[in-house]
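Some notes on the structure that comes next.
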Amino acid sequence: MERGPLIMVTGGARSGKSRLAEELAAAGGGRVVYLATAVIGDDEMAARVAAHRRRRPPGWLTVEAPLTVTEALAREGKRADTILLDSMGMWINNLLGGLQQGGASDGGEDHDVVIENIMNLVRKLVVTAWEVPARVIIVTEETGLGLVPPYPLGRLFRDLLGLANQEIASRADRVYLVMAGLPLILKDLLSE
C-alpha cells in the first residue's frame with residue numbers, strides 16, 4: 001500500500017490557512033474527510049464552526065474528533081482520498097484541557113512530563129499519517145510570532161504547539177506558511 005503525501009498548512013489567526021487547506025483538499029478530487037477538532041463551548045465558537053461548515057462542499061464527510069484524531073485518521077485514511085485535519089492547535093488545546101480519556105493535563109503536572117506525553121501522541125499521529133494511503137493535510141497555528149503568554153498554561157500550550165509543528169514539518173512532504181491570505185511554500189519534496 002502506497003502512502004499519500006503529508007501536507008502541513010500553518011499560519012496565524014485569520015491568515016487564510018484553513019481556506020488554503022480546503023482548496024488543496026478540493027483540488028485533489030475524490031472522497032474528502034474533514035477531521036474537526038473544535039469543541040463548541042460558546043456562541044462565538046459555534047459561529048466560527050458554522051462558517052467553516054458552510055465553506056465545505058456538501059459531499060465531504062465531517063468526522064468530529066476533538067480527542068481521537070489519530071484513531072479517526074487511521075480509520076478514515078484507508079477509505080478516503082484526502083484527509084483534512086483542522087486543527088492541531090485545537091487538538092492540543094483539548095488534550096491540555098483534560099478531555100483525554102485517562103486524564104490529560106490541567107496544567108498542574110510537571111511541564112516536561114506533559115510535553116513528553118502529548119508529543120508522543122503527536123508522533124503517533126504523524127506515523128499514522130505516513131501509514132494511510134490517503135493524502136493528509138494538517139492545518140496548524142503558528143503561535144511563536146506573538147508575545148510570550150503571561151501564564152504557565154499559555155506558555156505550555158505555545159511550547160507544545162511549536163514542538164508539534166516542528167515534528168510535523170520535519171516529516172511533511174510539503175509545508176505552506178500562509179500570511180495575509182498568501183501562501184508561501186517552505187518545503188516541497190513533492191516537486192523533486
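The values are calculated or read from the model by the stated rules, or taken from the named source; none is laboratory data. Bear in mind that the values here come from a model prediction, so they are computed numbers and not experimental data. We place every Cβ from the backbone using ideal geometry, glycine too, and count neighbours over all the protein chains shown. What goes into the accessible areas is simple: the full protein's heavy atoms, side chains included, and nothing from ligands, DNA or RNA. Shrake-Rupley method; radii C 1.70, N 1.55, O 1.52, S 1.80 Å.
Of these, G77, G4, G12, which one is modelled with pLDDT under 95, under 14 Å from I137 (Cα atoms) and not acidic (D, E)?
Working: G77 fails: modelled with pLDDT under 95; G12 fails: under 14 Å from I137 (Cα atoms).
Only one candidate passes the filter, namely G4.
Could you list, in sequence order, the residues of segment 134-192 that are in a helix (DSSP H, G or I) and small (G, A, S)? Hits for segment 134-192 are G154, G162, A164, A169, S170.
In this structure, does E64 turn out to be in contact (Cβ under 8 Å) with a residue 40 or more places away in the chain and of a type in the set (D, E)? Let's see the steps before the verdict.
Details: in contact (Cβ under 8 Å) with a residue 40 or more places away in the chain: no; of a type in the set (D, E): yes.
Judged against the criteria, E64 is not a match.
Being more than 13 Å from M8 (Cα to Cα), crowded, with 16+ Cβ neighbours inside 10 Å and small (G, A, S) is the filter here, so list the residues in segment 132-167 that pass it. Listed by number, the list holds a single entry, A134. Just one residue in the set A26, A47, A72 is of a type in the set (A, V, I, L, M) and farther than 14 Å from V136 by Cα; that residue is A47. Criterion first (open to solvent by less than 70 Å² (accessible area, probe 1.4 Å), among the aliphatic types (A, V, I, L, M) and without any contact (Cβ under 8 Å) to a residue 12 or more places away in the chain) does V127 satisfy it? Spelling it out, V127 is indeed open to solvent by less than 70 Å² (accessible area, probe 1.4 Å), among the aliphatic types (A, V, I, L, M) and without any contact (Cβ under 8 Å) to a residue 12 or more places away in the chain.
Quick one: would you say W91 is of a type in the set (A, V, I, L, M, F, W, C), at pLDDT 95 or above and either surrounded by fewer than 20 Cβ atoms within 10 Å (Cβ to Cβ) or in contact with a His (Cβ under 7 Å, 6 or more places away or on another chain) (or both)?
Numbers: of a type in the set (A, V, I, L, M, F, W, C): yes; at pLDDT 95 or above: yes; either surrounded by fewer than 20 Cβ atoms within 10 Å (Cβ to Cβ) or in contact with a His (Cβ under 7 Å, 6 or more places away or on another chain) (or both): no.
It is false that W91 is of a type in the set (A, V, I, L, M, F, W, C), at pLDDT 95 or above and either surrounded by fewer than 20 Cβ atoms within 10 Å (Cβ to Cβ) or in contact with a His (Cβ under 7 Å, 6 or more places away or on another chain) (or both).
Which ones in segment 18-34 are in contact with a Phe, Trp or Tyr (Cβ under 9 Å, 6 or more places away or on another chain), open to solvent by less than 20 Å² (accessible area, probe 1.4 Å) and closer than 29 Å to L145 by Cα?
Initially, segment 18-34 is screened for residues in contact with a Phe, Trp or Tyr (Cβ under 9 Å, 6 or more places away or on another chain), giving 20-22, 24-26, 31-34.
Next, only the ones that are open to solvent by less than 20 Å² (accessible area, probe 1.4 Å) stay: 21-22, 25, 32-34.
Residues satisfying the conditions are A21, E22, A25, Y34.
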